[in-house]
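The values are calculated or read from the model by the stated rules, or taken from the named source; none is laboratory data. All of these numbers come straight from a predicted model, not from anything done at the bench. Cβ placement follows ideal geometry from the backbone for every residue including glycine, while neighbour counts extend to all protein chains displayed.
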Amino acid sequence: MKKKISEKDNFTYLLVSLIFLLFSSACVDEFMSDSGLGQYFVIALTLISMSIAVWSIRSSRYAFNTGLGLVVGIIVITLIVGVLDMAQLEFIHLLLMLVFFLITLKLASEQALFSGAITANSIIGSICIFLLLGLIWVMLYLLVAEFIPDAFSGIEPAPWKQNFPDFIYFSFVTLTTLGFGDLLPLSPLARFLVYMEAVVGVFYMAIVVSSLVGAALSDSETDKKS
């Protein structure tokens, strides 16, 4: 008998899909960076992860239909770009992915951070939110790179699918405020996005930790009174 996904365990599936996307992108960059097939693998992996996200974070029929529509739109644009070689549609492709991750972030935040009691699923959800924040900034960096090819040092101008793993690395290094310095923002817009991501990363960790501690203390006080 198949187990139905509920709000008690849905973030586990989302977390696995996000980690799968990050790990698979690294593997593609490691072993298929010189192959044109690597770019198509990146698209396929992204679509798989997005489909799992739609499946797991379907808080309402409207949210499910919206997410599914975005995935279908991305597939259509991918086919058009591949068949007709219309590179100018890459911007729309990235924009749709950005909107999708933003919607997923909103739905995940509502379920994980504003649903009341702290559970194992909500903790996993807070991890998913952190990963989604990193991916949202990946999309923003890729959009900037599409318009300003020399916006970043250490990353050569190339199709976004080829630079996707590099920007994943750069985004999460920035989000965690590690800042190794091997990749650097050069344009003013790129610098703005970088320091804003660092600010969001610091405040997210502080807010989530304080929220979890506060909720745990509140539950403890409630148990004592009862």
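Within the range 153-181, being part of a loop (DSSP other than H, G, I, E, B) and touching a residue at least 40 places away in the same chain (Cβ under 8 Å) holds for one residue alone: Pro159. Residues that are without any contact (Cβ under 8 Å) to a residue 60 or more places away in the chain and within 16 Å of the chain's Cα centre (by Cα): does the range 83-92 have at least one? Within the range 83-92, none of the residues are without any contact (Cβ under 8 Å) to a residue 60 or more places away in the chain and within 16 Å of the chain's Cα centre (by Cα).
Checked against the criteria, Asp150 counts as of a type in the set (D, E, K, R), farther than 16 Å from Phe100 by Cβ, surrounded by fewer than 21 Cβ atoms within 10 Å (Cβ to Cβ) and in contact (Cβ under 8 Å) with a residue 24 or more places away in the chain.
Note on the range 54-82: among residues that are among the small types (Gly, Ala, Ser) and modelled with pLDDT of 75 or more, the one that is nearest to Glu110 (Cα to Cα) is Gly69.
Condition check ((1) at pLDDT 85 or above; (2) among the aliphatic types (A, V, I, L, M)) across all residues:
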| site | (1), (2) |
| --- | --- |
| Met97 | yes, yes |
| Phe100 | yes, no |
| Lys106 | yes, no |
| Gly116 | no, no |
| Gly125 | yes, no |
| Val138 | yes, yes |
